[in-house]
Structures are given as C-alpha cells and as structure tokens.
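The values are calculated or read from the model by the stated rules, or taken from the named source; none is laboratory data. Bear in mind the structure is a predicted one, so any value in this text is a computation, not a measurement. Here the Cβ positions follow ideal geometry from the backbone for every residue, glycine too, while neighbour counts run over all protein chains shown.
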Amino acid sequence: MPRPLRVAIVGAGPAGIYAADALLKSEAATEPGVSIDLFEKMPAPFGLIRYGVAPDHPRIKGIITALHQVLDKPQVRLFGNVDYPNDISLDELHSLYDAVIFSTGATADRALDIPGVDLDGSHGAADFVSWYDGHPDVPRTWPLEAEKVAVLGVGNVALDVARILAKTADELLPTEIPPNVYEGLKANKALEVHVFGRRGPAQAKFSPMELRELDHSPTIEVVVNPEDIDYDEGSIATRRANKQADMVAKTLENWAIRDIGDRPHKLFLHFFESPAEVLGEDGKVVGLRTERTELDGTGNVKGTGRFTDWDVQSVYRAVGYLSDELPKLPWDVASGTVPDEGGRVIEGGVHLRSTYVTGWIRRGPIGLIGHTKGDANETVANLLADHAQGRLHDPATPAPEAVDAFLAERGVRYTTWEGWHRLDAAEKALGEPQGRERVKIVERDGMLEASGA
Ligand SMILES: Cc1cc2nc3c(=O)[nH]c(=O)nc-3n(C[C@H](O)[C@H](O)[C@H](O)COP(=O)(O)OP(=O)(O)OC[C@H]3O[C@@H](n4cnc5c(N)ncnc54)[C@H](O)[C@@H]3O)c2cc1C
C-alpha cells in the first residue's frame, strides 16, 4: 500500500512553515499525499516573527495569521518544546521520516572584535531583542540606566534597537510587550541614542520604510549631520542600481538639511564612523571611540586616523545575527551556515541523504521574512526531485503515531497546534481588559500550561 511521503521540518519559523506550504502545494501532495511534522524548540511556533520582529511592528507580526493557514491543514502537525538534538536526534528523525528539513534560523549575535566589547554595559542586540520580545530563556530585567547610548550597525535590527530605546514605555504599551518589559522600559533613562555606521548613506542597509518610520514617533527627533552625507563613484553607482538604497539616501539627505526640532529624545544617525574601542572604567562602559573613515572611490571606506570619543554609558552591537551550529550536520564556520546545494545538505562533497536546509540556517541571517519563501520552494523542489528518483532512504517506522509514542516514551512535554490556539487565546484574553490585541506570556512553564502541553 503506498503511503504518504513523511517529512520532518526542524524549526517552525517562517522558513520551515513556507517549506511545509510548498510541500502541500506540490504534486506530491495528491495521492498518496504528504504528511509533515514540524519540530520546534520553543513552546510556540513562528520563530523570529514572535521573538525578533519589534513589538511596534504589528503589521509584520500579522504575517502569523497568514501562516496559520498552513498549520491548520490536516497533513501538518506541530511538536513544540522539542529541541534538536536533545529531544530527537538525526538518526531518530531518519528512522521516522523519508526526509528531514532543517530550518533552525539564527538567534545569537555575531561577534564584534574590538577592545572593550565585554565591558559591563556592552550588549548584543539579539539579547536585547529577546528581552523586549518576551523570550522565555533570557533574564526578565534589562539594565536601562544609560542616558546616552550607542548602537553599532546600520541595518534594520539597529533601527529596531535604537527605536525601542528612544521611544517611551507608554508609546509601546499598546503593543504585545509583557508586563516585565513595560516596567523595564518605564525605567529607561536614555535621552540620546547614537547609531554608528562605518560607511556612508548609500551603503546603509536600512529598508526605506523602517528608516522613515523613525520620524513618526512624537518623542523621537532624528538628527543627521550634513557632513555625513557624502558619495563617491561607487556610491552613485549603488544608488542608480538599487532603488531602495537611493530612497534611503534621499531620506537621510532630507533629515540632514532640516532644522532640529524639540522632541525630547534625540536619535543621531552617524556615518563614516568606524567603532574602534568600547571605553571602560571600573569594568563599565563610559564611552565609545570611533575612527573617521572616508570613501575610497569604490563605495568602500578607509580609515583617516582621526578618532572621536563619544560620551555614552552603554553600547549595543547590531552587526548581524549568527546561527547555532547543528550537531551531526556539516558546518561552514566562515558563513555560520550548513553547507548546501539547492537546499541539499552537502558533506564532503556529497549529499547527506534525505537531509535538507532552508531559511537563515541555509542562506545566512540576511533578508526579510518574504525572502525565506523562495528559499523554501527551491529546497522542497529538490527534495521532491530526489523522492521522484528514489533517492530518499526508507524510514524504519514511518507511521505518524510512532512520533507521539517516541516523544511520550522520552518524556518530552510537547505542545501541539491545538495548544498554540489555546496559548493564542490566553494571550489575547490577557490583553482584552486593557484594550490591547495581546499580552505575551513569557515564562516557558506559563506557555506550556496555557498550551495544555
Ligand atoms: C531583530 C529582527 C527583526 C526583524 N524584523 C523583520 C521585519 O520587521 N520584517 C521582516 O520581513 N523580517 C524581519 N526580520 C527577518 C526575519 O525575522 C527572518 O527573515 C526570518 O525570521 C528567518 O526565518 P527562519 O525560519 O529561517 O528563521 P527563524 O525565524 O529564526 O526560525 C527558526 C526557528 O527554528 C527554531 N529552532 C532553532 N533551533 C532549533 C533546534 N535546535 N531545535 C528545534 N527548533 C529550533 C527556532 O526556535 C525558530 O522558531 C527580522 C529579524 C531580526 C533578527
């Protein structure tokens, strides 16, 4: 009797869910069909949409509603609070499924190798993001005593961090932030937030919309120094070739020539300042030293040997996310990804049979949620081609019930898709008396309990 193709997806962020969607929309989904299980280490699915996207971006968080349609399908099951490889190993996955797709994304901060980076008051953006997004595995409090703060990096994560630091707690109260985050932000003393980029306005990696949004807050005055507006031939070529880069540069030019208003919190966007050292005293951050750079004609910059010390009491590094290495899979240290060809995991030049990757663990931590969709389509197309050519291995116990039995025997307290609906309802109920869409439950136990795990 032919049976459905059994696929395990490890990591229920957007990439994993889009991979499930691609499988469901494929020809293989018709008789004998596909059957997909998503394994997720958090009690709730949705990855960085829940634990990365800023709380004041409800429209982006709303993508979760579209992803519901995939998880609502009867061919898809969710096993939350299940960690690879601690709760289920690669061999065990291969014994239960025809194929395994890893879509474990990225959660940590890429290192920045400058002196003073380990001082008290120097933070990774990912840790701060996890805190304000109510991640269960980070401390409940966050030190926000600094009046002047530096944010290193000119991508969207730097903008998120700078904006959350510069907004008032009351501006963020209507969002889904949990009570501990609201209380923490109420104590925030930041009056000045300084964002630093090594290169110029044409090289900034901001999305135009995210950049313009900074100016919408009634408490944030965005300031750009006219001396930081500079372009060389490389920059001009970038602006011509890339509409987004051009829009970003235009916005920054407009801000550089306008009068500075009197909104209470100043958010400075500095360019051509390369972080050289975090300055400390008694183990604590007391400043940031940057080296002025200049364009070299190609859009790159070189140091000028002119240094500035900025009076700041804390520093946030938003220089990129980093994926966790996955045990039993090959690893490319330089890119921090699993080596692949078209989503097929490659070890020693050959495809690790029945094993695939997609999303940030494959492409690196670059790009928006939508970009993970094309990625997932390619991975799934290759998986299905391997299936059609009989290149997948035969699992020992492909019956779906074998998974429940396996996790029960292992004593894993797992959550399900029905459990997510219960957690979702519980969070919405918490928000309702305050007229808020939702208030997040932070504690892992609280999430498990609300999910009925
Ligand atoms: C701070 C921040 C803000 C962002 N804001 C936006 C935005 O406003 N708009 C936008 O379009 N994009 C935004 N992005 C980008 C977007 O979040 C990513 O493009 C997208 O989430 C990548 O999807 P992914 O599924 O590959 O990874 P992830 O979203 O990281 O999902 C991976 C999933 O795998 C799970 N997992 C990890 N390890 C294991 C394991 N060992 N076992 C089981 N499960 C595991 C994780 O818990 C997670 O749920 C933002 C990114 C960051 C970092």
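Values computed for the structure shown
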| read-out | value |
| --- | --- |
| Residue that is nearest to the ligand (Cβ to nearest atom) [pool: residues in segment 81-114 that are among the aliphatic types (A, V, I, L, M) and within 14 Å of Y316 (Cα to Cα)] | A108 |
| Identity of the residue in segment 51-84, assigned to a loop (DSSP other than H, G, I, E, B) and within 14 Å of the chain's Cα centre (by Cα), that ends up nearest to T415 (Cα to Cα) | G52 |
| Among the residues listed as A381, A385, the single one being free of Cβ contacts under 8 Å to residues at least 60 places away in the same chain and either in contact with a helix residue (DSSP H, G or I) (Cβ under 8 Å, 6 or more places away or on another chain) or more than 16 Å from the ligand (Cβ to nearest atom) (or both) | A385 |
| Odd one out for V117 among (1) of a type outside the set (K, R); (2) near the ligand (Cβ under 10 Å from one of its atoms); (3) closer than 30 Å to G283 by Cβ; (4) at pLDDT 95 or above | (2) |
| Residue among Y84, Y51 that is surrounded by 20 or more Cβ atoms within 10 Å (Cβ to Cβ), in contact with a His (Cβ under 6 Å, 6 or more places away or on another chain) and touching a residue at least 12 places away in the same chain (Cβ under 8 Å) | Y51 |
| Filter pass, Y132 being away from the ligand (no atom under 11 Å from the Cβ) and either touching a Pro at 6+ places or on another chain (Cβ under 8 Å) or basic (K, R) (or both) | no |
| Filtered residues of segment 2-21 (kept if aliphatic (A, V, I, L, M) and either near the ligand (Cβ under 8 Å from one of its atoms) or surrounded by fewer than 24 Cβ atoms within 10 Å (Cβ to Cβ) (or both)) | L5, V10, A12, A15, I17 |
| Candidate set: segment 266-313, residues that are of a type in the set (G, A, S) and over 29 Å from R212 (Cβ atoms); chosen: the one surrounded by the fewest Cβ atoms within 10 Å (Cβ to Cβ) | G305 |
| Qualifying residue in segment 271-290 (condition: of a type outside the set (A, V, I, L, M), within 25 Å of the chain's Cα centre (by Cα) and part of a strand (DSSP E or B)) | yes |
| Spans of strands (runs of 3 or more DSSP E) in segment 297-375 with at least 1 residues without any contact (Cβ under 8 Å) to a residue 60 or more places away in the chain | 301-310, 344-347, 350-357 |
